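Remarks on the structure that follows.
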Amino acid sequence: MDWLGLLCNRLMIPIVQNSSKFGDAIAIIDSDGSHSYAALNRQAREIAHAICSRGVTGQPILYLFHSGFSYVAVQWGIWLSGNMAVPLHTAYTRHEIDYLIKDTGASLFIYHQSLKSQIEYLQNQSIQLIEEEELTTPAHSSNKLPGVSLKDNALMIYTSGTTGNPKGVVISHEQLDTQILSLSEAWEWKRSDRILNVLPMHHVHGVVNITCCALYNGAVLEMQSRFEPAYVAERMASGELTLFMAVPTVYHKLIQHFEKLNREERHQWQKGMKSMRLMVSGSAALPIPTFDRWKVVSGHTLLERYGMTEIGMALSNPLHGERRVGSVGFPLPFVEVKIVDDNGEEISETDIAGELYVRGKTVFKHYWNKSEETAAAFADGWFKTGDVVEKSNDGYFKILGRKSSDIIKSGGYKISALAIENVLLTHERISECAVVALPDVVWGETIAVAIVGTVLQSELHEWMKDKLAVYKQPRHFVFVKHLPRNAMGKILKQEVKELFK
Ligand code: MLC
Ligand code: AMP
């Protein structure tokens, strides 16, 4: 690379740079009002200067915010200061926050004042806690910001796996930018777009697909920190939104809400949805009845796509052309895929099931501090998704399931059965347990647990509250004398599922 290329490379955070051209246009609308692109850039720079003045650079920084302007300003401030953004969820318990502090080794934790009570217990620990307000005083702005390279770490999102504890998935600025460019091209994001985000801000669906894509393209981003069906209906009825993206559970709950409305309310909502140009579903399989019913309710054919924290989005039904129900379409721009058999050999025939492998500039760098797990996740540079797929003769991919039964998808959240078992086993009156997924109309899957022990279900509910975020808590319980095992002593998860019938 020549010196000019090197210089450009060291100064660029594509999303921040690109957004600066939108000036006084509205970037974000949240519960505090409207915020322009210029205000976002200004605030992010002030935060970056304040972080730099603390001498922190090239490190993971944790931040805990509701979805809104401050969340994004802090995220961009972390990037501009040359650090890696690690978002936390407001529903995380102490147990989960402690794990992330330890696993990241972060020395800085930025939080919004309204969430102070959640992290006050960390006051006397070694991690430095900083309230957002402390970072937004212009006094810091005289020092110079560091150069940031496209290869530098941008974002770390925690995801569950088959190995128990969550792993930090690290992506660089270049990988983030490629993920944004891929979706911008495929779904034709425009400056005139306006999207409502109701998803949590610690996973790629809310963070990359919605927030980053909207702000890269100069669109208006409405941020809601909770999903309220009535609010979504109201915003869609306004006729101002052009896009909506969510997990299947959200569409299911919107349909339930629609069924409760009177004729006039239904009509208003439906009229507003006519001016929307695209609605996307992903993060979990979209049930066919939801696809069909949503078409009747909204007049829209949902575009289903497939992705994963480690790879961003990989497959998508077309924006123009047939959106096939039960299918996730074709590889997205910059994404290469192949289907392999149990021996790792590529399957070239159609309609034959195999594991999906993915390669390209959208694929993550590595798991944080987990070189063995990173190496095991790849084969010859291809990321092994663990998802079983097949391709039709006209090129549409279909997700058939997962290789591991220890991965649960509930409400679009990925949950590791082993991680839940590990937490439950710390209870002194649980000697053994087995966590499984049960099919569920609303949530896709719900978490169920078979327990050997003397603990009462009523006590467990209380006990779990400060250990597992609400969406990770088991919903079905069965108490047994022994768990079903094979001759080798391995728990038979399929038989555990039968215990709930
Ligand atoms: C909550 N509840 C559950 C539950 N979660 N019950 C069963 N299973 C679950 N998973 C219960 C609560 O205890 C509560 O019960 C009631 O349901 C309402 O809870 P809530 O928290 O208010 O729910 P709601 O706000 O409606 O949340 C639904 C949701 C949320 C779908 C909006 O789950 C969500 O935001 N999911 C999105 C996750 C996501 O972004 N995944 C993307 C990962 S990235 P009670 O009794 O108190 O009423 C990825 C890659 C890709 O997957 O491809 O995108
Ligand atoms: P996560 O690790 O939270 O990013 O979840 C990624 C997983 O969600 C994938 O490996 C799939 O198992 C699942 N997933 C995402 N989108 C879809 C989809 N459209 N259909 C079926 N499964 C999906």
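Annotations for the structure displayed:
- Pairwise inverse Cα distances across segment 45-150, averaged and inverted, put the Kirkwood hydrodynamic radius at 13.8 Å.
- A simple rule links phi to the HN-Hα coupling: the Karplus curve 6.51 cos²θ - 1.76 cosθ + 1.60 with θ = phi - 60°, which for segment 67-82 gives 5, x, 3, 4, 4, 5, 4, 5, 4, 5, x, 4, 4, 5, 8, x Hz, with x for Gly and Pro.
- Measuring r between the beta carbons of LEU456 and THR426 and using R0 = 25 Å, the FRET efficiency lands at 0.90.
- Karplus-derived HN-Hα couplings along segment 274-291 (A = 6.51, B = -1.76, C = 1.60, θ = phi - 60°), whole Hz, x at Gly and Pro: 4, 8, 7, 9, 7, 10, 10, 10, x, 5, 7, 5, 8, x, 4, x, 5, 4
- Taking amide H atoms as placed 1.01 Å from N in the peptide plane, the amide H of ILE399 lies under 5 Å from those of VAL328, each 5 or more residues away in sequence or on another chain.
- Nearby aspartates and glutamates by direct alpha-carbon distance to LYS384 (threshold 13 angstrom, same-chain neighbours under 8 apart not counted): GLU310, GLU336, ASP341, ASP342, GLU345, GLU346, GLU355, GLU373
- Taking the chain and dividing mean pair separation by its residue count, relative contact order in percent (alpha carbons under 8 Å, at least six apart): 12 percent
- Residue-averaged [θ]222 nm for the chain, counting only DSSP H segments that reach four residues, each worth -39500 (n - 2.57): -8500 deg cm²/dmol
- Antiparallel bridge percentage (DSSP; both residues within segment 380-499; nearest 5): 85 percent
- Interchain or long-range residues, amide H under 5 Å from VAL220's placed H: ASP193, ARG194, ILE195
- Stokes-Einstein D in µm²/s, Kirkwood radius over Cα pairs - segment 407-498 at 4 °C with 1.567 mPa s viscosity: 97 µm²/s
- Amide H contacts for GLY307 (H built 1.01 Å from N in the peptide plane; partners 5 or more residues away or on another chain; cut-off under 5 Å): SER283, ALA314.
- At the residue level, HIS35 shows approximately 30 square angstrom of accessible surface with a 1.4 angstrom probe and all protein chains present.
- The residue list GLY360, GLY329, LEU303 was ranked by how far each Cα lies along the charge dipole of segment 264-398 toward its positive end, using unit charges on Cβ atoms, and LEU303 comes out on top.
- For the residue pairs LYS116/LYS465; LYS102/LYS481; LYS398/LYS493; LYS365/LYS414, the C-alpha atoms sit more than 29 angstrom apart in LYS102/LYS481.
- Sequentially through segment 370-386, phi angles give Karplus couplings (6.51, -1.76, 1.60; θ = phi - 60°) of 9, 5, 5, 5, 5, 4, 5, 7, 10, 9, 6, x, 9, 7, 8, 6, x Hz, Gly and Pro residues having no value and appearing as x.
- Among beta bridges from DSSP that stay inside the chain, the antiparallel ones total about 60%.
- Where the chain is the region considered: accessible area per residue in Å², 1.4 Å probe: 43 Å²
- Taken as Cα centroids, segment 228-303 and segment 43-97 sit 33 Å apart, rounded to the nearest whole angstrom.
- Of the GluC sites (Glu not before Pro) found in segment 229-269, the ones in coil according to DSSP and having at most 16 other Cβ atoms within 10 Å of their Cβ are GLU240.
- The chain - convex hull of the alpha-carbon atoms, volume per residue in Å³: 168 Å³
The values are calculated or read from the model by the stated rules, or taken from the named source; none is laboratory data. These numbers come from a predicted model, not from an experiment. As a convention, Cβ positions derive from the backbone with ideal geometry for all residues, glycine included, and neighbour counts pool all protein chains shown. The area values use the complete protein model at the heavy-atom level, side chains included, leaving out ligands, DNA and RNA. Shrake-Rupley method; radii C 1.70, N 1.55, O 1.52, S 1.80 Å.
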